[in-house]
Amino acid sequence: MNSRHALALAVVDEDDSAAEQQQQYLTFRLGDESYALGLLSVKEIIEYGGVTQVPMMPGFVRGVINLRGRVVPVIDLANRLRSDSAAVTRRTCIVIVEVTNDGEAQDMGIIVDAVSQVVDIPPQSVEPGPSFGAKVRADFIAGMGKLDDGFVIMLDIDRVLAGEDMVAVNDMKAAG
């Protein structure tokens, strides 16, 4: 990907305290739902494109991208969370996140409908996730963040991008 594809880069000032950084979240949309990821796991946000399909992968795997010479798996987050694929629009982005699987960090791309903003959500504004009624598996939800205009679903990205159904993706990454 060249520099024109880079939409934004999440840069965290090293002088900030870890506690302050943990309160910052990238918010984004999937369909009519708002979600948030801890800013520390977000590496960059790029324009959707250049995804190469890989045969015999689970339905939530869109393929791979070449990110500065590295093969990065791209996950359709809407399909992974709710079993319905995201439709690609002008605002569709790939958020590059760093996840930890079996103690090893790896980069993965997740497709989101639109990136909203970076927000501060202090710990006292986080409620436990619902145990029922959510469109997302309860173990994928780290909490519900209270914002001025309602709630945002805070995802535990390591859990979303881990598990037995991610074995094929991890095998693909090990081979690449």
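What follows is calculated from the coordinates using simple rules that are stated; it is not laboratory data. Since this is a predicted model, take the numbers as computed values, not measurements. Positions of Cβ are backbone-derived with ideal geometry, glycine not excepted, and every protein chain shown enters the neighbour counts.
Check which residues have an amide H placed less than 5 Å from residue 34's amide H, if you skip close sequence neighbours.
Excluding prolines and chain starts, which carry no amide H, the hits are 153.
I'd like the FRET efficiency for residue 107 and residue 137, computed as 1/(1 + (r/R0)^6) with the beta carbon distance as r and R0 of 25 Å, rounded to 0.05.
0.60
Give the long-range amide H neighbours of residue 141: residues separated by 5 or more places, or on another chain, with amide H under 5 Å away, using H modelled in the peptide plane at 1.01 Å from N.
Here the answer is 156, since their amide H atoms fall under 5 Å of that of residue 141.
Could you tell me the distance between the Cα centroids of region 28-78 and region 138-159, to the nearest Å?
Measuring centre to centre over Cα atoms gives 19 Å.
Expected output is a single nm value to one decimal: the length gained when fully extending between residue 40 and residue 117, i.e. 0.36 nm times separation in residues minus the C-alpha distance. What is it?
26.3 nm
Could you work out how far apart the two model spin labels at residue 92 and residue 52 are, taking each label as a point 7 Å from the Cα in the direction of the beta carbon, and quote it in nm?
1.9 nm
Which FRET efficiency value, to the nearest 0.05, is calculated for residue 68 and residue 100 with the Förster distance at 22 angstrom and r the Cβ-Cβ distance?
0.55
Near the amide H of residue 43, under 5 Å away, which other amide H atoms are found, from residues 5 or more places off or on another chain, if H is placed in the peptide plane?
Amide H neighbours of residue 43: 96, 97, 98.
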